[in-house]
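Input: a single structure, listed below in structure tokens.
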Amino acid sequence: MEDGQERDDGLGLSGPVATAKLLHQVAARSAKYLTELDERPVAPTPAALAALATFDESMPEQGTEAAEVVRLLDEVGGPATMASAGGRYFGFVTGGALPAALAANWLAGGWDQNGFSRVSSPLAAALEGRAIAWLLELFGLPASGGGALVTGATMANFTALAAARHRVLEGAGWDVESRGLIGAPPIAVIVGEEAHATLFKALGLLGLGRDNVIRVPVDDQGRMRADALPAIPATAIVCLQAGNVNSGAFDPAAGIVGPAHAAGAWVHVDGAFGLWAAAAPERAELLTGFAEADSWAADAHKWLNVPYDCGIALVRQPRDLSAAMAMDAAYLLNERHGEPIDFSPESSRRMRGAEVWAALKCLGRDGLAELVERNCRHAARFAEGLRAAGHEVLNEVVLNQVLVSFGDDETTRRVIAAVQADGTCWCGGTVWRGRAAMRISVSSWATADEDVEKSLAAICRLAADIR
């Protein structure tokens, strides 16, 4: 084969030269999309949504050129995306992808690594190991701990709680990995009334039951009341929350972890976005006592702003996690060195460590602290501006979450719908302590002061029109 000549693979697929050309086109299209985000509505227009009918076709008999496939995705699909990569998207605690993390994501896609072990990808294993070590340090957790990068907070909770299930039942003389749950000693799962729905999903997947929990009353910010803790048996898992998804509030870990450990229970922390407060010196006190827990779950695609998907499961004792997750397959691993596959529910897995490592390396401790503090300052500005306009802020704004009511529930829902249709920004709705509320989550590196002011003006204008 002569230099520069493409290989004929017999399938009509491109060789390396054509692939490189296609990727340059993708990069140009992606860059154009990102640079135009500020000029388009945050939510798709009705016309953009209607154009999605283009994709409603039967499985084609003949293939389509790769460049045409990319064109369709970009020109038809792109306008129908939410502009969540931009600075005025405030829904679902969603952070835009940092440039360094996005670039690492593209590189990792090109490398096409299976990150289950050092044998399958030395680089993937090395980057994930270093990322986990940095995260333990960043969160103030023991350097001897361990963990895995998984798909999101749901799977991070699942993974950490699998380790909890192992340890609690091992203490009762039961090997749950071998014997299952039928006939096992019962496990008491203790949660706050405001525990997140994904925690219950994880409990259901683990066979512990979504409804088979002891619910502890909470205060007016959704914090578990330490004075209302029930008697805690030794075979128990106590689940704390670092960052309520509505109010941003933190359970009082300092008053709960001690009694739980004195009883012999495992303490797990659901800290999807709240754990990142540890990176900011002015917010770190919110996490007092949380480092004494046994496991932690967080999302890197929230406040670390890496591309989807990337959850973080961390444990104090790596052996508890490996006991729950490791499997025997001689053809996969020649030697055991604490491989990623030993700590994750996934076998084949994408190279998430590249993005986490890139984000942490690019930001550094100071940069991440500045990102967290800036988003919290923006949340405080939203609350200040909404109060000044006569609207009721329903939560203590201690982090990046703002809950606002515009009057009765019907009026609040109308304002939310108007904001979403207007396109200047996007905020979601929720129900907080029996009242409809608009929920503003400030989580993106791309959000600037002018984005907040522009969004605040639009929200107040629309609310005034409706009221």
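Just to verify a result, which residue in the stretch 114-142, among those that are part of a loop (DSSP other than H, G, I, E, B) and touching a helix residue (DSSP H, G or I) at 6+ places or on another chain (Cβ under 6 Å), is surrounded by the fewest Cβ atoms within 10 Å (Cβ to Cβ)? Let's see the steps before the verdict.
Narrowing the stretch 114-142 to residues part of a loop (DSSP other than H, G, I, E, B): 114-121, 139-142.
Subsequent filtering for residues that are touching a helix residue (DSSP H, G or I) at 6+ places or on another chain (Cβ under 6 Å) retains 115-118, 139-141.
On the way: G115: 26, F116: 21, S117: 21, R118: 19, F139: 24, G140: 13, L141: 22.
Out of the qualifying residues, it is G140.
On the stretch given as the stretch 208-231, residues that are under 22 Å from W296 (Cβ atoms), assigned to a loop (DSSP other than H, G, I, E, B) and of a type outside the set (A, V, I, L, M, F, W, C) total 5.
Restricting attention to the stretch 361-408, the residues that are surrounded by fewer than 16 Cβ atoms within 10 Å (Cβ to Cβ), within 24 Å of the chain's Cα centre (by Cα) and closer than 23 Å to G434 by Cα total 1. Would you confirm whether or not the stretch 47-57 contains a residue that is under 26 Å from the mean Cα position of the chain (by Cα), part of a loop (DSSP other than H, G, I, E, B) and free of Cβ contacts under 8 Å to residues at least 12 places away in the same chain? Within the stretch 47-57, none of the residues are under 26 Å from the mean Cα position of the chain (by Cα), part of a loop (DSSP other than H, G, I, E, B) and free of Cβ contacts under 8 Å to residues at least 12 places away in the same chain. When we screen A234, A195 for residues that are modelled with pLDDT under 95, in a loop (DSSP other than H, G, I, E, B), aliphatic (A, V, I, L, M) and not assigned by TED's automatic domain parsing to the domain that holds A383, the only hit is A234. Figure legend. Inter-residue proximity from the stretch 193-210: first residues without any contact (Cβ under 8 Å) to a residue 24 or more places away in the chain, second residues in a helix (DSSP H, G or I) and crowded, with 23+ Cβ neighbours inside 10 Å, beta-carbon distance below 7 Å, spacing 6+ or different chains. Indicated pairs: G209/L203; R210/L203. Within the stretch 289-307, the residues that satisfy the criterion of being surrounded by fewer than 24 Cβ atoms within 10 Å (Cβ to Cβ) and in a helix (DSSP H, G or I) are A291, E292.
Kindly indicate whether any position in the stretch 209-231 is on the phi > 0 side of the Ramachandran plot and in contact with a Ser or Thr (Cβ under 8 Å, 6 or more places away or on another chain). Yes, there is a match, as at least one residue in the stretch 209-231 is on the phi > 0 side of the Ramachandran plot and in contact with a Ser or Thr (Cβ under 8 Å, 6 or more places away or on another chain). Applying a threshold of 9 Å to beta carbon distances and a minimum spacing of six or more residues, or different chains, the list of pairs starting in the stretch 430-447 at a residue that is farther than 14 Å from L371 by Cβ and ending at one that is surrounded by fewer than 19 Cβ atoms within 10 Å (Cβ to Cβ) and among the polar types (S, T, N, Q) reads A436/T411; A436/T430; A437/T430; M438/T430; R439/T430.
Looking at the structure I just gave you, is A101 surrounded by 19 or more Cβ atoms within 10 Å (Cβ to Cβ) and of a type outside the set (S, T, Y)?
Working: surrounded by 19 or more Cβ atoms within 10 Å (Cβ to Cβ): yes; of a type outside the set (S, T, Y): yes.
In short, yes.
Between V245, V176, the distinction of being among the β-branched types (V, I, T) and within 21 Å of A153 (Cα to Cα) belongs to V245 only.
Scanning the stretch 272-288 turns up at least one residue that is in contact (Cβ under 8 Å) with a residue 40 or more places away in the chain, at negative phi, outside any helix (DSSP H, G or I) and in contact with a Phe, Trp or Tyr (Cβ under 7 Å, 6 or more places away or on another chain). A single member of T411, T447, T430 is part of a helix (DSSP H, G or I), polar (S, T, N, Q) and either within 21 Å of the chain's Cα centre (by Cα) or surrounded by fewer than 16 Cβ atoms within 10 Å (Cβ to Cβ) (or both), and it is T411.
State all residues of the stretch 253-271 that are outside any loop (DSSP other than H, G, I, E, B) and within 24 Å of G95 (Cα to Cα); if no residue qualifies, say none. Of everything in the stretch 253-271, those that are outside any loop (DSSP other than H, G, I, E, B) and within 24 Å of G95 (Cα to Cα) turn out to be V269, D270. Against the conditions (1) surrounded by fewer than 24 Cβ atoms within 10 Å (Cβ to Cβ); (2) at pLDDT 95 or above, C310 satisfies every one except (1).
The values are calculated or read from the model by the stated rules, or taken from the named source; none is laboratory data. What you see is a predicted model, and the numbers here were worked out from it, not measured in a lab. Backbone-built Cβ (ideal geometry, glycine too); neighbour counts: all protein chains shown.
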